[in-house]
Structures are given as structure tokens and as C-alpha cells.
Amino acid sequence: MKTLINTTFLVFAVQFMKAQKIRVTYHLKYKTDSLQVINKENTMLLDIYDSNISRFYSEKLYKSDSIRKKGTSEQYYSLDFNHAITRNKTLLKKYYRILTDVYEITEETPNLEWKINSNKKKIGDYECQSAILKYKNRQWTTWFTQDIPIPEGPSFFKGLPGLVVWVYDEKANYDFLLKKLTKGFYDPYPDFDFHSENIVKVNKDQLNKIYINYYLDPYREAKMGKIKMSFVDEKGNEIKNINWNELSKNKQAEIKRNNNPIELSDVIKYSN
């Protein structure tokens, strides 16, 4: 019976590898503030086109773009570009959102120095093996499965001899766990990249400057009337006379708290 189960699973895995496109769904738990107790949670999608091309992004963004692409009347719109990445064999594109603008950075795909060890265990239906990675000031423990011999994983994780099933950092700031694999899904991105009139291409230094300028005057666009914002008091009543200085100070404190990027060496150094 065990042999039959293993054979059935192997056939299932081979079918996935032969599929034109594979979707891996991960459950993400993370902390934008390293001192917070409660994790934020999100459902993330890894779309794999072949061994060299993949796209990682939130299910919210996928649903939003799918609805708009299909032209349905359903009201759903999301600019959830948190952790969004596209990558091929040599290049990796990262996306960052500030208000309604999305910024795109292109980098070389990193060569991750995995240290595979002998630790093994079963996670769900998959026989997994462990690997350790030290990268950009975080240490990661990864469990991958050679049952699905695809060298892919969530976010920037790739290059192992099997699909990443579970990966988490040693301080429990980020945790990705595989939930399911599917194929034959609707793809709103026929040429692979995200599309939005709000995407601006920048380099890393430019992005850091944009973040710092936003921190220094977080309500600049609202004060200039470029975007509309409304504020309510504790009772839910709209505030008519807005104290921009007080709002800015509160927002700056929030920005400094929520400064815990997955690549910790990329933390923004804001002024006091």
C-alpha cells in the first residue's frame, strides 16, 4: 500500500513538472514591526513558468487584476504589492508601494549560499530536508522537498534541489508555509510582468530617497490636494479642522516602527 501511495504521488509530481504553469500557494505570517506580538497574515502566490521564470505576489493583487482584466462589474481593487517579485535566471524585479504609487527596482538574481544538512521530516504530504541560509542580516531555516524537484520558493528563495515547503527566520519575523499546488489557473499577466499606470522604475538609492521624503512629509500630497483623505475622531465623526503637524508626527512614529523589511540590511535609516 505504501509503495502504491508513493508511486501515485510521484506520477502527480511529474504531471506538475510537465505543466506549462504551476501555482504554489503560501501562507505568510510576518511582522512589519519586529517588536509586535501579533503577526500580520497574507495569502501569497508563486506562479512558476519554468525553472528560470517565476512571479511572487499577494492573492489580493491577483484577484484585483483578474477582475479588472476580465472587465467584470464586481467592485474589487487592491494595490497590495507587499513582497511582490518577478524573476528570471539573471534578473529580479521588486515592487514597493507608497500611497498610490508603485516603484519597481531591477537587480541581479542573488546567488544564495545554501547549507543543506541531514535533518529530514515530513510536512503535510511532502518528505522534506532542511537547509540554512544567512542572507542580508537574517538567518533562515528552510525545508524543501525533492518530491517536487523545482528549484523555486517564495519571495527571493530559490536554488535548492526541490520546492521550498516551509521557510522562516530565526527571530520569527517572517514565515512562509506551502498550502497547495495547482495548475491551469487564469493568468492576467500574459507577458509575465505586472501592469499599472502607477509603476515607476527607480534604482535603490532613488527608492531610499523617496521613502525618506515621504517620512519627512507624509501628508504632502493630501495637503496639496493631489489625493483625497478623510479623518475621523474616536467616535467616528469626520474631523474638519485637521492638525497636519500632529498627524505627521503620529505617522512618522508609525513609519519608524514598521521598518522591518524581509531583507533586513535594506532597513531605512530615518532621522530622529
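The values are calculated or read from the model by the stated rules, or taken from the named source; none is laboratory data. Source: prediction; values computed, not measured. For neighbour counting, all protein chains shown are included, and Cβ atoms are generated from backbone atoms with ideal geometry for every residue, glycine included. Just so you know, the surface numbers come from the protein's heavy atoms only, side chains and all, with ligands and any DNA or RNA stripped out. Shrake-Rupley method; radii C 1.70, N 1.55, O 1.52, S 1.80 Å.
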Checklist entry - Leaving out ligands, DNA and RNA but keeping every protein chain, what accessible area does LEU177 have, in Å² rounded to the nearest 10, with a 1.4 Å probe? => result 50 Å²
Item to check | Kirkwood-based Rg to Rh ratio, the range 102-166, C-alpha trace | outcome: 1.02
Checklist entry - Carbon and sulfur together cover what percent of the accessible area of the range 122-201 at a 1.4 Å probe radius? => result 49 percent
Checklist outcome for this item: Log entry: pair-distance distribution for the range 173-238, C-alpha pairs binned every 10 Å from zero, whole % per bin is 13, 21, 28, 28, 10
Item to check | Taking the range 204-272 and dividing mean pair separation by its residue count, relative contact order in percent (alpha carbons under 8 Å, at least six apart) | outcome: 34 percent
Checklist outcome for this item: Simple SL model, points at 7 angstrom along Cα→Cβ for TYR189 and GLU238; separation in nm is 3.7 nm
Next on the checklist: If you count only protein heavy atoms with a 1.4 Å probe, what accessible area per residue comes out for the range 158-272, rounded to a whole Å²?
Outcome noted: 65 Å²
